[in-house]
Amino acid sequence: DAGITQSPRHKVTETGTPVTLRCHQTENHRYMYWYRQDPGHGLRLIHYSYGVKDTDKGEVSDGYSVSRSKTEDFLLTLESATSSQTSVYFCATGLSGTGYEQYFGPGTRLTVT
Amino acid sequence: GQQVMQIPQYQHVQEGEDFTTYCNSSTTLSNIQWYKQRPGGHPVFLIQLVKSGEVKKQKRLTFQFGEAKKNSSLHITATQTTDVGTYFCAGWGGGADGLTFGKGTHLIIQP
């Protein structure tokens, strides 16, 4: 895969606390994405980035914010975690536009208690 | 918005049997992609189809894109235990929006 790492890989946090997930890539891909995966829902796009400091909302962006200060890093922040945000979060990157081949990271399993 | 439906949700097969999953979009697609996710793993890109009626093969896997560019299928011939996982289709409508993923078909193989 495209040299994508995510940290942490597992996290348990309490309702109301802020959480930041990190995605790091070494492939110099322009596009980066955050998805969540839940049983029965498949993969849903939260936010994506099409360049440094250029981001846009996806299908399920409420309660999430993102930042991209460097090409290689894309951060996902849950300002005040809720139980409904318990999920597996995948970062992905792409060389071409938003409708093209994407490479996924290993995922972060987040549990909000 | 664009919707991508995928069936079946689960498919149990005996090892050596064939398997097919189907994907249908509510709108015409610019392209459709297929991904595989092994249990506990992450989605891995398999292939992209762009042209109307396109058929592509990867060893025992055959991918088709419908003539109207609204549906697609993935067929696996003579399944093996290594084929276990969830197969997702993902369609792109061609605009600024990204991929819309189907909910996936879970392939379970009984030896």
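Rule-based calculations on the coordinates, nothing more; no lab input. Keep in mind that this is a model prediction, so the values were computed, not measured. For neighbour counting, all protein chains shown are included, and Cβ atoms are generated from backbone atoms with ideal geometry for every residue, glycine included.
Below are the figures for this structure:
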| item | result |
| --- | --- |
| For residues of B:63-69, the mean tally of beta carbons on other chains within 10 Å | 0 |
| Value of relative contact order over chain B, rounded to a whole percent, pairs C-alpha under 8 Å and six or more apart | 37 |
| Simple label model, 7 Å out from Cα along Cβ direction - residue A:15 to residue B:14, nm | 5.0 |
| Which listed pairs, of B:36/B:70; A:11/B:69; B:56/B:103; A:70/B:56; A:53/B:51; B:51/B:103, have C-alpha distances above 31 Å, in listed order | A:11/B:69; A:70/B:56; A:53/B:51 |
| Full-stretch length increase - residue A:28, residue A:88 - with 0.36 nm per residue and alpha-carbon distance subtracted | 19.2 nm |
| Two-decimal ratio, region B:1-90, of alpha-carbon radius of gyration to 2.2 N^0.38 Å | 1.05 |
| Rough spin-label spacing in nm, given labels placed 7 Å along Cα→Cβ, for residue A:77 and residue B:26 | 3.3 |
| Label-point separation, residue B:77 to residue A:67 (7 Å along Cα→Cβ), nm | 5.4 |
| Förster-model FRET efficiency, 35 Å R0, residue B:60 and residue B:2, C-beta, rounded to 0.05 | 0.70 |
| Peptide A:89-101, shielding by other chains (average Cβ, 10 Å cutoff) | 4 |
| Region A:1-90 shape via C-alpha gyration tensor axes, a/c threshold 1.5 | prolate |
| Overall Cα dimensions of the protein assembly as shown, principal axis frame, Å, largest first | 48, 38, 31 |
| Span from the region B:81-100 Cα centroid across to the region B:56-75 one, whole angstrom | 13 |
| Residue with peak Gaussian network fluctuation, chain B [Cα springs, cutoff 10 Å], from B:68, B:96, B:78 | B:96 |
| Contact order normalised by residue count of chain A, Cα under 8 Å, 6+ apart, percent | 36 |
| Inter-chain shielding of A:43-55 (mean C-beta neighbours from other protein chains, 10 Å cut-off) | 2 |
